[in-house]
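S.K.: Here it is, the structure, as structure tokens.
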Amino acid sequence: MSKIMDKALYLIKFIHQKKAEKKNILILQNSPFRKTNERKTAYELLNTSKYFDKKWYLKTYPDVAKAGIDPIKHYLKYGWKEGRNPGRLFDGNMYLSLYDDVKRADINPLVHYLRFGMKEKRKIHRVFENKKGFVQVYEKILLKLPFYKTNEKQTDYELLNTSKYFDKKWYLKTYPDVAKAGIDPIKHYLKYGWKEGRNPGRLFDGNMYLSLYDDVKNSNMNPLVHYLRFGMKEKRLLRLLRKENSLVSLFKKPVFLKRCNQITKQKNDFKNIIKLKVCYITYTRRVVDLIKDPSVRYRCYNPSEALSEIAAVATVCDLKTFLKFPSYHYDIYVFHRPCSMNGKFKKIFQQLKKRHKILIADYDDLIFSKNVQTVQQAPIKLCEGQTLAQTRQIMNDFTETLKLFDNFSVTTAALQNAVLEIKPKANVSIVHNFIPESVLSFIKQQNLQNAPKDKNLIMYCSGGKTHNEDLQSVTPALIQTLDAHPELKLMIVGTIDVPNELERHKQYVYTERCLYLYLYLLKVMSTAALQIAPLIDTPTTRCKSNIKFLESALTGCALITSDCADTVADAQKGAHIGVAHCQEDWYQFIHNRAKLIDSKTRQKNIKYVEKHYTKNVFLKEFNQLLAHYRR
């Protein structure tokens, strides 16, 4: 009997205990302190869910692990928008493709499922990894639907055929050779077009896309196919240049130099690497071997080298070739000594303007002027005609071309004033000649600065016959000096016409009548202790820059020159230069050359050049030009 009573009491206690537990559950459910899925924050929701696997997320996306970001915070803020999954048990991309209401609401798919989808018994799909490590999505229901195809499942042809970015009519009209051949435009673009630099339509610039993202370029993948499959999800830029948002705005805040510094600091972030394309187009008579033209080297090749080292893709082309095969894929076009003698120039110039390209005219010589004296005394080959009338006509062509531009880079203040006389409201910036790092490294390797020098050798590296009058102007002083100092020798390098009285002098030494290559010329210059650079006083020579000083400083030579404005300015700032104002000055400087030839002065000159005429100085000046760019 006692055993029965004990069992009965135990059952009664058990029943009372269960009732109490039920009451407690009801109290907890109604309590304000209990958090349901609706009341939890998104972070708490994912942190307590089996569907978010932190270890898997960090292993699958190593860039998140390297950045040291909380995986849940990353997924909530960026990950799901970039098409990343929270773990093996949940495929967010498939969830969004199944339920348009979630996609339109722009809600994190896993957060939606945990808050509402689970109650609504919505379907989820798992993410698996194959042996190769590629993520594969297995979805049985959607694969059975004949109309369902994701970007990953579509062929490249289908992808482009249904995309607004590929315009068949535009492609065939823009590239008539494809239309004539009767090839399907999509097939042509996929197989050949993108490799040849052709674009699929007005809305997508494949060349710009490849220049923006090196990972796409290195993968050798069609740029539009990449954008439609991956780039769109990753919110990559379609192109850098738009009509409503021209490149000028990119240079103002931040301006060019700051932008370059930012790009070099963020090399691993593909979204922030923006390589600007710069094309230097030069008008020169030396169409073959452009680099042999000293002016083209200083105004085109040196700047393109400096820009390429930072964040730009730069190239050099002669004007004749450019007009025959124009390219509209660059961002900045710098026309060195532009001339509209060819009728195509104005048409192409207008096309570039319509496409909102940055257009700059660059001058290092006075090849334009209203001044009659300039026309009569113009020693520039580009302006030399058989008669005075022809010379005037050629110079007028240069002047008319100048009027097309609103932005200019020049080498000297005198040139700046000359341009402003013709276009008073123009943006004219002084961008000095400079010595690139490749030349500086060559000088150090060859040790030209400290190479053995003949202290009794006077050298004049004249260049062409345009300097005939310059040499004649100092011939009396040179003969007087040679007669007074029998130990001295004179050597002239170039195709210049040497006056008879100077050529017959016993102390005169003359080399081959040719123009040396630039780097070899520097070697030749380094053998002499003294260089001379005479210039007659004309409007053209007043606009000359200080190239001779730069070259003499690099090679460790002393320099005596005429009172050229830029050279005088360098002398005032601390450079050691002999500035001769008259015949007597030339004699005195050569007579007292020991002070200029001193090794300490040579070291000061090279340091001066490294401070005032290097890449960084050029970039600041170029940046200044772009910062004030006029539309």
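S.K.: Report the accessible area of Arg285, computed with a 1.4 Å probe over the heavy atoms of all protein chains in place, in Å² rounded to the nearest 10.
M.R.: Accessible area, nearest 10 Å²: 150 Å².
S.K.: Another question, if that's okay. Starting from the Cα-Cα distance between Lys169 and Gln472, subtract it from 0.36 nm times their residue separation and give me the gain in nm to one decimal.
M.R.: 102.5 nm
S.K.: All other residues with a Cβ under 10 Å from the Cβ of Ala426 taken together, and with Lys, Arg as +1 and Asp, Glu as -1, what is their net charge? It would help to have the intermediate numbers written out before the result.
M.R.: On the way: positive: Lys403, Lys423, Lys425, Arg630; negative: Asp406.
For residues surrounding Ala426, the net value is +3.
S.K.: Which loop GluC sites (Glu not before Pro) in segment 453-543, with loop taken from DSSP, have no more than 14 other Cβ atoms within 10 angstrom of their Cβ?
M.R.: Glu487, Glu512
S.K.: Which order do peptides 409-415, 549-555 fall in by mean Cβ count within 10 Å, highest first?
M.R.: Descending mean neighbour count gives 549-555, 409-415.
S.K.: Find, among the chymotrypsin sites (Phe, Trp or Tyr not before Pro) in segment 475-537, those assigned to loop by DSSP (not H, G, I, E, B) with at most 16 other beta-carbon atoms within 10 angstrom.
M.R.: When the chymotrypsin sites (Phe, Trp or Tyr not before Pro) of segment 475-537 are filtered for loop state and at most 16 Cβ neighbours within 10 Å, nothing remains.
S.K.: Check cross-link reach from Lys615 to the aspartates and glutamates: straight Cα distance under 14 Å, and skip same-chain residues fewer than eight apart.
M.R.: Within the straight-line cut-off, Lys615 pairs with Glu305, Glu309, Glu437.
S.K.: Set the bar at 27 Å for Cα to Cα. Now go through Lys164/Lys357; Lys425/Lys620; Lys103/Lys191; Lys277/Lys320; Lys119/Lys233; Lys277/Lys523 and name every pair that lies beyond it.
M.R.: Listed pairs above 27 Å: Lys103/Lys191; Lys119/Lys233; Lys277/Lys523.
S.K.: Assuming 0.36 nm per residue, please report the length gained on full extension of the stretch Asp483 to Gln154 beyond their Cα-Cα distance.
M.R.: In short, 109.6 nm is gained.
S.K.: If you plug each phi of segment 459-476 into the Karplus form 6.51 cos²θ - 1.76 cosθ + 1.60 with θ = phi - 60°, what whole-Hz ³J(HN,Hα) values come out, in order, with x for Gly and Pro?
M.R.: 10, 10, 8, 7, x, x, 6, 5, 9, 4, 5, 4, 5, 4, 5, 10, 4, x
S.K.: When every alpha-carbon pair in segment 562-631 is counted, what percent end up more than 21 Å apart?
M.R.: The proportion of pairs with Cα distances above 21 Å equals 43 percent.
S.K.: Next question. Excluding ligands and nucleic acids, what accessible area in Å² is computed for Phe442 using a 1.4 Å probe, to the nearest 10?
M.R.: Counting only protein heavy atoms, Phe442 exposes about 40 Å² to solvent.
S.K.: Based on the mean of other beta carbon atoms within 10 Å per residue, what is the order of 214-221, 107-114, most packed first?
M.R.: Working: 214-221: 12.8, 107-114: 22.8.
So the peptides 214-221, 107-114, ranked by packing, come out 107-114, 214-221.
S.K.: Tell me which residues come under 5 Å, amide H to amide H, from Cys461 once H is placed; ignore anything under 5 positions away on its chain.
M.R.: When sequence neighbours closer than 5 places are left aside, the close amide H contacts are Val493, Ile532.
S.K.: I'd like the Karplus ³J(HN,Hα) series for segment 590-604: coefficients 6.51, -1.76, 1.60, θ = phi - 60°, whole numbers in Hz, and an x wherever there's a Gly or Pro.
M.R.: Calculated HN-Hα couplings, in order: 5, 4, 9, 5, 4, 5, 6, 6, 3, 5, 5, 5, 5, 5, 5 Hz.
S.K.: For a test of the definition: using alpha carbon positions, the gyration tensor, and the 1.5 limit on a/c, classify segment 424-582 as rounded, prolate or oblate.
M.R.: Cα axes put segment 424-582 in the oblate bin.
S.K.: Calculate, for Lys50 and Ser308, the FRET efficiency according to 1/(1 + (r/R0)^6) with r their C-beta to C-beta distance and R0 51 Å; round to the nearest 0.05.
M.R.: E(calc), rounded to 0.05, equals 0.45.
S.K.: What does the charge dipole of segment 538-579 about its Cα centre add up to, to the nearest 20 debye, if the Cβ of each Lys and Arg holds +1 and the Cβ of each Asp and Glu holds -1?
M.R.: Magnitude of the dipole: close to 60 debye.
S.K.: Can you work out the accessible area per residue across segment 519-589, with the rest of the protein chains kept in place, probe 1.4 Å, in square angstrom?
M.R.: Ligands and nucleic acids excluded, the result is 33 Å² per residue.
S.K.: Separate question: Quick one: accessible surface of Thr162, probe radius 1.4 Å, all protein chains present, in square angstrom to the nearest 10.
M.R.: Approximately 100 Å² of Thr162 is accessible to the 1.4 Å probe.
S.K.: Quote the charge dipole size of segment 559-631 about the Cα centre in Debye, to the nearest 20; the model charges only the Cβ of Lys and Arg (+1) and of Asp and Glu (-1).
M.R.: The calculated dipole for segment 559-631 is roughly 500 debye.
S.K.: Distance from a point 7 Å along Cα→Cβ of Thr315 to each backbone N in segment 196-210: keep the residues under 18 Å and list them by number.
M.R.: From segment 196-210, the list is 196-200, 205-210.
S.K.: Please compute the modelled spin-label separation between Arg355 and Glu82, points set 7 Å along Cα→Cβ, answer in nm with one decimal.
M.R.: If labels sit at Glu82 and Arg355, their model points lie 3.3 nm apart.
S.K.: Ala426's amide H: which non-local residues (gap 5+, or another chain) put their own amide H closer than 5 Å, with H modeled 1.01 Å from N in plane and none for Pro or chain starts?
M.R.: Those lying under 5 Å, H to H, from Ala426: there are none.
The values are calculated or read from the model by the stated rules, or taken from the named source; none is laboratory data. Treat the numbers as computed from the prediction; the structure is a model and nothing was measured. Glycine also receives a Cβ, built like all others from the backbone with ideal geometry; neighbour counts cover every protein chain displayed. With ligands, DNA and RNA removed, areas are computed over all heavy atoms of the protein, side chains included. Shrake-Rupley method; radii C 1.70, N 1.55, O 1.52, S 1.80 Å.
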